[in-house]
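This report refers to the structure that appears directly beneath it.
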Amino acid sequence: MIDDLDLGFDEQEQGEKGRHRRGYVRKRKNGSGGGRGKTVLALLLALVLLGGIGGGAFYGFDRIQSYFVTPDYEGSGTGEVTVEIKQGALIADMAVALYDAGVVKSTKAFIEAAEENSRSTNIQPGLYKLRKQMSGVSAVTAMLDPKNRVVNGITVPEGRTAKKVYELLSEKTKIPVKEFEAAAKDPIALGVPDWWFNRGDGKKAAKSVEGFLYPDTYEIPPKATAESILKLMVENFVAVTGELQFADKVQKGLGGVSPYEALIVASLAQAEAGNKDDLGKVSRVAYNRVYKGNFPCGCLEMDVTVNYYLELTGQRTKASKDMTAAELDNPKNPYNRKLRGMVPGPINNPGKDALAGAMNPPKGNWLFFVAIDDEGHSAFAETYAEHQRNEAKAREAGII
């Protein structure tokens with residue numbers, strides 16, 4: 001009798017994978033509307049029938065109720081399974097990964113458990129050793145326990161050049177540097193959106209992965225390749241700059257400077273600033289020198305660009321005081337410090353603070369700066385005369 005009612009649901013959960021993201025609405029199997037109305041009507045009819053049948057109908061009511069309960073396992077599960085949570089994964093993405101691995105009975109079970117646990121936002125990307133057939137609550141609890149996280153982390157510091165990043169990754173993973181270099185030849189294939197290489201100054205962009213290998217600590221999955229690791233880093237860059245609204249804010253607030261040019265400036269500030277408090281000010285100096293029109297050469301005149309070229313060409317980098325006149329103004333160097341305008345591309349891979357400083361630098365007409373203390377703070381000046389006074393103070397303090 002009751003078994004013959006069409007309640008509008010299958011006993012098996014339909015379309016588990018990817019269907020528990022917020023905003024998803026299940027459609028009827030046949031037709032395009034009315035599914036919810038049909039379900040509610042069926043439930044009401046069932047309740048009426050049960051009421052007519054009497055006390056023995058509780059068994060049937062329990063069966064009906066089960067259709068509306070989130071499918072979930074009980075307990076902490078059995079066996080062991082390793083699950084990868086990718087960089088930038090949302091709770092819904094995690095739920096899909098866990099469901100696919102057989103950890104949870106439904107994505108909804110995990111999502112609901114995560115929503116009820118305020119600490120679920122602390123779940124980090126990486127590998128987790130979990131059990132199969134865990135309840136949603138048990139899965140969330142296990143992922144918040146550090147002992148269940150497989151630690152194979154590699155920390156890439158801020159300001160490393162791509163070349164130095166490859167060397168670090170190779171040392172930690174035993175993947176040859178040549179494989180990283182080969183994988184890096186096509187930044188678009190690694191996930192850098194093509195529009196990032198647009199410039200507003202008429203110059204041709206250097207299509208390189210330099211600048212897009214976001215510095216962070218990465219969990220390297222088993223059997224990772226050079227390509228998959230670099231893709232992970234680029235994916236992180238895209239996510240971080242997206243959260244910062246980097247491209248939009250640069251285009252709205254910097255008067256025609258493209259996001260790519262701002263990325264170059266972030267890398268310059270990362271290399272030049274001795275203290276994170278000065279990252280934004282160094283960025284402002286770079287913009288003022290190149291774009292404002294009142295710096296005599298209209299160039300960057302920063303020695304860090306010389307060192308970048310030396311490293312690119314396999315030469316030893318040097319302190320500014322040790323650079324020769326030929327190195328400081330080499331016409332063959334596309335990163336020449338005397339080159340008018342912005343250099344071809346980033347000179348390292350800047351971190352979040354440098355990106356934020358280049359995106360929204362403080363207002364000021366500074367054209368010069370010099371380190372003045374052991375903490376790396378700099379003094380900034382609008383005129384060369386003021387800059388000379390700052391240099392004298394730096395010499396007195398034994399900084400330069």
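Counting the residues of segment 134-169 that are modelled with pLDDT under 95, part of a loop (DSSP other than H, G, I, E, B) and touching a strand residue (DSSP E or B) at 6+ places or on another chain (Cβ under 9 Å) gives 2.
Taking residues in segment 384-400 that are in a helix (DSSP H, G or I), and partners anywhere that are modelled with pLDDT of 95 or more and surrounded by 12 or more Cβ atoms within 10 Å (Cβ to Cβ), the pairs with Cβ atoms closer than 6 Å and at least 6 places apart or on different chains are His387/Phe368; His387/Ala381; Asn390/Val370; Asn390/Ala379; Asn390/Ala381; Glu391/Val370; Ala394/Val370. Scanning segment 338-364 for residues that are open to solvent by 30 Å² or more (accessible area, probe 1.4 Å) and of a type in the set (A, V, I, L, M, F, W, C), we see that the one that is nearest to Leu328 (Cα to Cα) is Leu339.
Residue under question is Lys172, and the condition is that it be in contact with a strand residue (DSSP E or B) (Cβ under 7 Å, 6 or more places away or on another chain), surrounded by fewer than 17 Cβ atoms within 10 Å (Cβ to Cβ) and part of a helix (DSSP H, G or I); does it hold? It is true that Lys172 is in contact with a strand residue (DSSP E or B) (Cβ under 7 Å, 6 or more places away or on another chain), surrounded by fewer than 17 Cβ atoms within 10 Å (Cβ to Cβ) and part of a helix (DSSP H, G or I). If you go through segment 94-138 and pick out every residue that is within 27 Å of Leu232 (Cβ to Cβ) and open to solvent by 50 Å² or more (accessible area, probe 1.4 Å), you end up with 9. Would you mind stating whether Ile399 is at pLDDT below 95 and touching a Ser or Thr at 6+ places or on another chain (Cβ under 8 Å)? No; evaluated as a whole, the condition is false for this residue.
Scanning segment 175-184 for residues that are over 22 Å from the mean Cα position of the chain (by Cα) and outside any helix (DSSP H, G or I) returns Ile175, Pro176. If the condition is being charged (D, E, K, R), farther than 21 Å from Ala381 by Cα and touching a residue at least 40 places away in the same chain (Cβ under 8 Å), then segment 286-334 contributes only Glu311.
When the residues of segment 351-374 are filtered to those that are acidic (Asp, Glu) and not in a helix (DSSP H, G or I), the one that is farthest from Gly253 (Cα to Cα) is Asp374. Pro221 falls short on exactly one of the conditions (1) farther than 21 Å from Pro344 by Cβ; (2) over 18 Å from the mean Cα position of the chain (by Cα), and that condition is (2).
Flag: Lys352 matches the condition of being closer than 26 Å to Thr155 by Cα and among the basic types (Lys, Arg).
The values are calculated or read from the model by the stated rules, or taken from the named source; none is laboratory data. The structure displayed is predicted, hence computed values, not measured ones. A quick note on method: Cβ atoms are made from the backbone with ideal geometry, for glycine too, and the neighbour counts reach across all protein chains shown. Note: areas computed on protein heavy atoms with side chains; ligands, DNA, RNA excluded. Shrake-Rupley method; radii C 1.70, N 1.55, O 1.52, S 1.80 Å.
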